[in-house]
């Protein structure tokens with residue numbers, strides 16, 4: 001599962017794939033985004049897609065919280081048939097998560113293996129979901145908080161990712177048409193986007209580092 005990614009491009013790079021959105025947050029290069037970090041998403045909000053910041057990790061299912069004092073969140077969502085996740089699959093809870101590269105961990109291959117669409121790391125989007133003002137304890141030292149949260153969908157890996165992480169890869173959107181479908185179409189159509197990229201679409205651009213600072 002992907003628990004580390006980078007986003008080092010600007011708003012103009014996002015608009016090449018999804019042109020129309022309001023801007024409610026300033027963004028800076030983030031060469032290493034880890035679970036529970038705040039990062040940019042373009043979310044459906046009040047009838048208008050809006051660029052905002054949210055924390056990575058959707059609320060965990062109840063069974064996963066038994067006996068625990070904190071909920072650090074779920075970063076990757078696979079089973080969209082689960083009632084826990086179905087409540088957030090409607091248009092109002094969908095978002096686009098911009099990234100320039102993402103990492104899958106494989107100790108035998110040197111640790112974190114970074115994938116992108118090329119050495120220049122063009123912007124693409126993960127197909128995400130989000131929820132506003134979720135009240136929970138994410139960290140004991142932080143105490144109760146009410147925060148906006150997000151995660152992204154995963155699917156079967158394509159050939160490049162499977163060689164490193166055979167279980168899953170993020171759902172990635174690479175065209176304006178796919179982004180528009182994810183943000184506006186009924187689930188019966190948008191669900192078709194939960195599929196792996198074609199083999200050969202990605203390349204390994206870095207190995208063994210916790211941040212991918214190239215841009």
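FYI, it's all coordinate maths here, none of it is from the lab. Note that the structure is predicted; figures quoted are calculated from it, not measured. As a convention, Cβ positions derive from the backbone with ideal geometry for all residues, glycine included, and neighbour counts pool all protein chains shown.
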Fill in the blank from the handout: Contact order relative to length for the chain, counting C-alpha pairs under 8 Å separated by 6 or more residues, stands in percent at 25 percent
Handout entry: Equivalent ellipsoid semi-axes - Cα gyration tensor, the chain, angstrom
Key = 24, 21, 18
Problem - Helical mean residue ellipticity (222 nm; -39500 (n - 2.57) per DSSP H run of 4+; nearest 500) of the chain - result: -2500 deg cm²/dmol
Handout entry: Residue with peak Gaussian network fluctuation, the chain [Cα springs, cutoff 10 Å], from 106, 93, 44
Key = 106
Fill in the blank from the handout: Across 13, 192, 38, the residue with the highest GNM fluctuation in the chain (Cα network, 10 Å cutoff) is 192
Problem - Cβ-Cβ FRET estimate between residue 209 and residue 119, R0 fixed at 22 Å, reported to 0.05 - result: 0.90
Practice task
Neighbouring Cβ atoms within 10 Å as the yardstick, rank 95, 2 fewest first.
Solution key: 2, 95
Practice task
Note down the relative contact order for the stretch 139-200 as a percent, whole number, built from C-alpha pairs under 8 angstrom at least six residues apart.
Solution key: 36 percent
Completion exercise
Quick shape check on the stretch 51-121: root eigenvalues a ≥ b ≥ c of the Cα gyration tensor, a/c under 1.5 is rounded, otherwise prolate if a/b tops b/c, else oblate, and it reads oblate
Handout entry: Of all DSSP beta bridges in the chain, antiparallel share, percent nearest 5
Key = 90 percent
